[in-house]
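Only one structure is covered here, and it is reproduced in the block below.
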Amino acid sequence: MEQNDKRKKVILDLMGEEFYIPMKEKELAVMLQVSKEDRSELNRILNELLNEGKISICLLYTSDAADDLT
């Protein structure tokens, strides 16, 4: 398995865990222990997964915003 595929698998495995909650890219970088120098690589991999339809971006609402939806 190539390095890029291994990195994608690590991210997808993390996101598939029961305890996983949606995170910002910076939070993912901290959790995955990605150095600041390698953050652009993380961004590239996340964009590839997004373009492949394997992950999605969701909006997080505050309780006030959720109340407006009802």
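Tell me which residues, restricted to the stretch 6-21, are open to solvent by 70 Å² or more (accessible area, probe 1.4 Å) and within 12 Å of ILE45 (Cβ to Cβ). LYS6, ARG7, LYS9, VAL10 - these are the residues of the stretch 6-21 that are open to solvent by 70 Å² or more (accessible area, probe 1.4 Å) and within 12 Å of ILE45 (Cβ to Cβ). For GLU37, the criteria (1) at pLDDT 95 or above; (2) surrounded by 10 or more Cβ atoms within 10 Å (Cβ to Cβ) hold in every case but one, which is (2). Checked against (1) within 13 Å of the chain's Cα centre (by Cα); (2) at pLDDT 95 or above, MET31 passes all but a single condition, namely (2). Tell me whether the stretch 54-69 contains one or more residues that are at pLDDT below 90 and open to solvent by less than 60 Å² (accessible area, probe 1.4 Å). Scanning the stretch 54-69, I find at least one residue that is at pLDDT below 90 and open to solvent by less than 60 Å² (accessible area, probe 1.4 Å), so the answer is yes.
The values are calculated or read from the model by the stated rules, or taken from the named source; none is laboratory data. A quick note: this is a predicted structure, and the numbers were derived from the prediction, not measured. Because the Cβ atoms are built from the backbone with ideal geometry, glycine has one as well, and the counts that use them run over all protein chains shown. When the accessible area is computed, the model is the full protein with side chains, heavy atoms only, and any ligands, DNA or RNA have been set aside. Shrake-Rupley method; radii C 1.70, N 1.55, O 1.52, S 1.80 Å.
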